[in-house]
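Below you'll find the structure, written out as structure tokens, and then a few comments.
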Amino acid sequence: MTDRNEERTFAALPATQGRGFAQTWWGRSWLKALEDAALDAEQVKTGRRLARAGAVGAVSVRPGRITAVIQDRDRTTHRADVLLQELSAEQWDRFLDMAVERAGHVAALLDREMPPHLFEDAAAAGVELLPGLGDLEAQCDCGAWDHCGHTAALCYQMARLLDQDPFALLLMRGRAERMLLDELQLRSSASAQGPLEAPGPAEEGVDAVEAYASGDILPPLPAIPPLPAEPGPPPVLDTEAAPAPGVDPSAMEFLAVAAAAEAHRLLAEARRPGHGQDAAEAELTLGQDAVRLAAATTERAIVERLANGSGRDRQELALAVHAWHHGGVVALAVLEDEWTVEADALARACAALESAWDEDERPPLRVAHNRWTAVGTSTQLRLGHDGRWWPYRKERGRWTPAGPPAGDPATALATAEGDPGGEPTNG
């Protein structure tokens, strides 16, 4: 039942230049109903200019009607109303039943979205939510019998408001947001519970002590389902609806694929014997996570966004990705961080360096913090926090990871002296 006292008032919007009035497909559909039905195209143009100039005051939206005061160029004001027929109670019942049958529609409405399929399914159920040709009836105190510049301006302003809040359209059709969501929740709950059945005879309870004592003879829990061989297929975001401003569908698809791959990795790790005794992984920083994501793609646009977002240039990100492939977070810290080795760790490192070569074969090394550079060469050893040695080689003026870590510094230095594999690239 429509609440006749339900009314929302939207504050006046500022003037706008250089952009269309409607960014969403439902906002554009609203304007199409005006522009297709107006008999005087000049009045529509006048309304567009008034709305663009910020001449439309606060807009009142209530079932069946929107109202605003419009100021002409000569500063005279006119009250303009646009009427749209409310849906009948029977039409609302069909719409709500249709929405409840499709969980995606309920989720979209809760997210203040109006997916095209919702309107298509509603139309298939005999319920037209968007206005069609001739559905927007104009009333204005200027005396015009058709859409004048004032009612057209109100329609253009309403398109901007619908972009922000599509529930305003449903309010015009006769249901306020809260009422609509409450009814959806009520019907969803009733649908989930299924038809009511007559209560059966009460079952006799079991003594708690007896139940606990028989716990060791209960059947075992079912086996854990097998791990899928690979993550599921990525979502398809190629829909009829245009993306919201600032949303890049290709980036969203990439993030969805990366999230699925990471979830698959974590699930496989959780199934590993002894996993429960391992320390929990530390949460990645934004900079570390950007490198993790960049390691999974070569798409230039995404790599550039990740570089900018992590405060790196493309070459720095490429080096970080190169390190990540050798050892994840630990390798990234060895690349980007420089630290003073504590006394105990330094003593162990010096002992390892002394014993790694015969005295006449030991290369001269220059130490700075956790880095030992072989004098006169383009090779370097870096000591990680875990005591392992990381080989580095200078390529095109940058110290570059040359391979995986080793427990023996001589092995790591030999890796660094190997043939360069070329400067790392990413994208």
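Please specify each residue of the stretch 242-258 satisfying the condition of being within 30 Å of Gln164 (Cβ to Cβ) and either open to solvent by 60 Å² or more (accessible area, probe 1.4 Å) or in contact with a strand residue (DSSP E or B) (Cβ under 7 Å, 6 or more places away or on another chain) (or both).
Here is the first cut: in the stretch 242-258, the ones within 30 Å of Gln164 (Cβ to Cβ) are 242-256.
Matches in the stretch 242-258: Pro243, Pro245, Gly246, Val247, Met252, Glu253, Leu255.
Which number in (1) free of Cβ contacts under 8 Å to residues at least 12 places away in the same chain; (2) aliphatic (A, V, I, L, M); (3) in contact with a His (Cβ under 7 Å, 6 or more places away or on another chain) marks the one condition that Ile70 misses?
Of everything listed in (1) free of Cβ contacts under 8 Å to residues at least 12 places away in the same chain; (2) aliphatic (A, V, I, L, M); (3) in contact with a His (Cβ under 7 Å, 6 or more places away or on another chain), Ile70 misses just condition (1).
Which residue out of Ala99, Ala22, Ala12 is outside any loop (DSSP other than H, G, I, E, B) and among the hydrophobic types (A, V, I, L, M, F, W, C)?
Just a single option satisfies the conditions, and that option is Ala99.
I need a count of the residues in the stretch 374-388 that are in a strand (DSSP E or B) and closer than 15 Å to Thr340 by Cα. I'd like the intermediate steps shown before the answer.
Quick first cut of the stretch 374-388, residues in a strand (DSSP E or B) only: 374, 379-383.
Narrowing the set further to residues that are closer than 15 Å to Thr340 by Cα leaves 381-383.
Of the residues in the stretch 374-388, 3 are in a strand (DSSP E or B) and closer than 15 Å to Thr340 by Cα.
Report every pair of residues separated by at least 6 positions or lying on different chains whose Cβ atoms are under 6 Å apart, first residue within the stretch 408-419 and small (Gly, Ala, Ser), second exposed (fewer than 15 other Cβ atoms within 10 Å of the Cβ).
Ala410/Trp357
Please identify the pairs in which a residue from the stretch 215-237 that is modelled with pLDDT under 70 has its Cβ atom under 6 Å from the Cβ atom of a residue that is among the acidic types (Asp, Glu), counting only partners at least 6 apart or on another chain.
Leu237/Glu253
Restricting attention to the stretch 56-65, does a residue exist that is more than 30 Å from Ala124 (Cα to Cα) and not in a strand (DSSP E or B)?
Here is the first cut: in the stretch 56-65, the ones more than 30 Å from Ala124 (Cα to Cα) are 56-60.
Then drop every residue that is not not in a strand (DSSP E or B), which leaves 57-58.
Yes, the conditions are met somewhere in the stretch 56-65.
When the stretch 8-24 is examined, which residues are found to be of a type outside the set (S, T, N, Q), surrounded by 18 or more Cβ atoms within 10 Å (Cβ to Cβ) and at pLDDT below 90? Explain how you work it out, then say what you get.
Looking only at the stretch 8-24, we keep the residues that are of a type outside the set (S, T, N, Q), and these are 8, 10-15, 18-22.
Next, from what is left, pick out any that are surrounded by 18 or more Cβ atoms within 10 Å (Cβ to Cβ): 10, 21-22.
The answer is Phe21, Ala22.
Can you name every residue in the stretch 107-149 that is of a type in the set (Phe, Trp, Tyr) and closer than 19 Å to Ala159 by Cβ?
Matches in the stretch 107-149: Phe119 only.
Scan the stretch 83-91 and give yes if some residue there is within 20 Å of His147 (Cβ to Cβ) and hydrophobic (A, V, I, L, M, F, W, C), otherwise no.
Scanning the stretch 83-91 turns up at least one residue that is within 20 Å of His147 (Cβ to Cβ) and hydrophobic (A, V, I, L, M, F, W, C).
Only one of (1) more than 19 Å from Ala168 (Cβ to Cβ); (2) in a strand (DSSP E or B) is not met by Arg48, so which one is it?
Result: Arg48 passes all but (2).
Which of the following residues is closer than 21 Å to Ala33 by Cα, part of a loop (DSSP other than H, G, I, E, B) and open to solvent by 10 Å² or more (accessible area, probe 1.4 Å): Asp135, Asp163, Asp121? Can you show your working first?
Details: Asp163 fails: part of a loop (DSSP other than H, G, I, E, B); Asp121 fails: part of a loop (DSSP other than H, G, I, E, B).
Unique residue meeting the criteria: Asp135.
Which one of these is open to solvent by 80 Å² or more (accessible area, probe 1.4 Å) and part of a loop (DSSP other than H, G, I, E, B): Glu90, Glu113?
None of the other options fit; the residue is Glu113.
Quickly run through the stretch 406-427 and pick out the residues that are within 41 Å of the chain's Cα centre (by Cα) and either at pLDDT below 90 or loosely packed, with under 14 Cβ neighbours inside 10 Å (or both).
Within the stretch 406-427, Pro420, Gly421, Gly422, Glu423, Pro424, Thr425, Asn426, Gly427 meet the criteria.
Taking the conditions exactly as written (modelled with pLDDT of 90 or more and open to solvent by 60 Å² or more (accessible area, probe 1.4 Å)), does Leu346 satisfy them or not? So that I can check it myself, show each step before the final result.
On the way: modelled with pLDDT of 90 or more: yes; open to solvent by 60 Å² or more (accessible area, probe 1.4 Å): yes.
Yes, satisfied.
Kindly indicate whether Glu269 is surrounded by fewer than 18 Cβ atoms within 10 Å (Cβ to Cβ), within 28 Å of His385 (Cβ to Cβ) and in contact with a His (Cβ under 7 Å, 6 or more places away or on another chain).
Working: surrounded by fewer than 18 Cβ atoms within 10 Å (Cβ to Cβ): yes; within 28 Å of His385 (Cβ to Cβ): yes; in contact with a His (Cβ under 7 Å, 6 or more places away or on another chain): yes.
Spelling it out, Glu269 is indeed surrounded by fewer than 18 Cβ atoms within 10 Å (Cβ to Cβ), within 28 Å of His385 (Cβ to Cβ) and in contact with a His (Cβ under 7 Å, 6 or more places away or on another chain).
Restricting the first residue to the stretch 357-377 and requiring it to be acidic (Asp, Glu) and modelled with pLDDT of 90 or more, which pairs with a second residue that is open to solvent by less than 40 Å² (accessible area, probe 1.4 Å) and part of a strand (DSSP E or B) meet a Cβ separation below 6 Å and a spacing of at least six or different chains?
none
So, in the stretch 58-86, exactly how many residues are touching a Phe, Trp or Tyr at 6+ places or on another chain (Cβ under 7 Å) and of a type outside the set (Val, Ile, Thr)?
Number of matching residues: 1.
Conditions: (1) over 20 Å from Glu90 (Cβ atoms); (2) in a loop (DSSP other than H, G, I, E, B); (3) in contact with a Leu (Cβ under 8 Å, 6 or more places away or on another chain); (4) open to solvent by 60 Å² or more (accessible area, probe 1.4 Å). His147 meets all but one. Number of the miss?
For His147, the failing item is (4).
The values are calculated or read from the model by the stated rules, or taken from the named source; none is laboratory data. Everything numeric in this text was worked out from a predicted model, so none of it was measured. Neighbour counts run over all protein chains shown; Cβ positions are idealised from the backbone, glycine included. Heavy atoms of the whole protein, side chains included, go into the accessibility calculation; ligands, DNA and RNA do not. Shrake-Rupley method; radii C 1.70, N 1.55, O 1.52, S 1.80 Å.
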